[in-house]
Structure formats: C-alpha cells, structure tokens
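The values are calculated or read from the model by the stated rules, or taken from the named source; none is laboratory data. Being a predicted model, the structure only gives us computed values, none of them experimental. Here the Cβ positions follow ideal geometry from the backbone for every residue, glycine too, while neighbour counts run over all protein chains shown. Note: areas computed on protein heavy atoms with side chains; ligands, DNA, RNA excluded. Shrake-Rupley method; radii C 1.70, N 1.55, O 1.52, S 1.80 Å.
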Amino acid sequence: GLALVRRLVAAAPDLLRAGGALALEIGAGQAAATADLLSAAGFTDIRRRRDLGEIERVVSGVKP
C-alpha cells in the first residue's frame, strides 16, 4: 500500500530545503495517489515518469 509513501511525504518537508526534490519509486497503480499526497503536502512541479514497460513508476515533487 501507500503507508510508507505517506510517511515519507509527511517527513520530507522538514528534511528538505526550499527547491529540494523528493522522488519516490512506487508500485504499479500508485502514481495518482502519490501525486495527490505530494500536492496536499505543498510540493510543486509534480511529475510522473514511466519505466521501460510504460508503467508510471516514479513520482517527484519540489519543495517550494
């Protein structure tokens, strides 16, 4: 599930400087929910990247 992703996204703002990025490798089908979590935590420039199998595998965002 997304339990670890939730914990990482919640902790990241305290660990990153402004302009710092968080990139998460996620499971198949988790990209939309992960992007939503990053957005809710205030991250900007959220991107979803596909792997060679065309599965959305990495979601990243930048701390403003």
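Using only alpha carbon pairs under 8 Å that are at least six residues apart, calculate the relative contact order of the chain and give it in whole percent. Please list the in-between numbers first.
Details: 99 pairs, mean separation 25.3, N = 64.
Taking the mean separation of contacting Cα pairs over the length of the chain, I get 39 percent.
Put a dot 7 Å past the Cα of Arg50, heading toward its Cβ, do the same for Ala23, and the two dots end up 1.8 nm apart. GluC sites (Glu not before Pro) within the chain: which are DSSP loop residues with at most 10 other Cβ atoms inside 10 Å? Here the GluC sites (Glu not before Pro) that fit, given the DSSP loop and packing criteria, are Glu54.
Derived scalar couplings between HN and Hα for the stretch 21-36 equal 10, 10, 10, 10, 7, 10, x, 4, x, 9, 5, 5, 5, 5, 4, 5 Hz in order, rounded to whole Hz, by the Karplus curve 6.51 cos²θ - 1.76 cosθ + 1.60 (θ = phi - 60°), x for Gly and Pro.
Sparsely packed loop sites in the chain (the trypsin sites (Lys or Arg not before Pro) outside DSSP H, G, I, E and B with at most 12 other Cβ atoms within 10 Å) comprise Arg17.
Using a probe radius of 1.4 angstrom, the carbon and sulfur fraction of the accessible surface of the chain is 54%. What do you get for Rg/Rh over the chain if you use C-alpha atoms and the Kirkwood form of Rh? Reported Rg/Rh (Cα atoms, Kirkwood Rh): 0.95.
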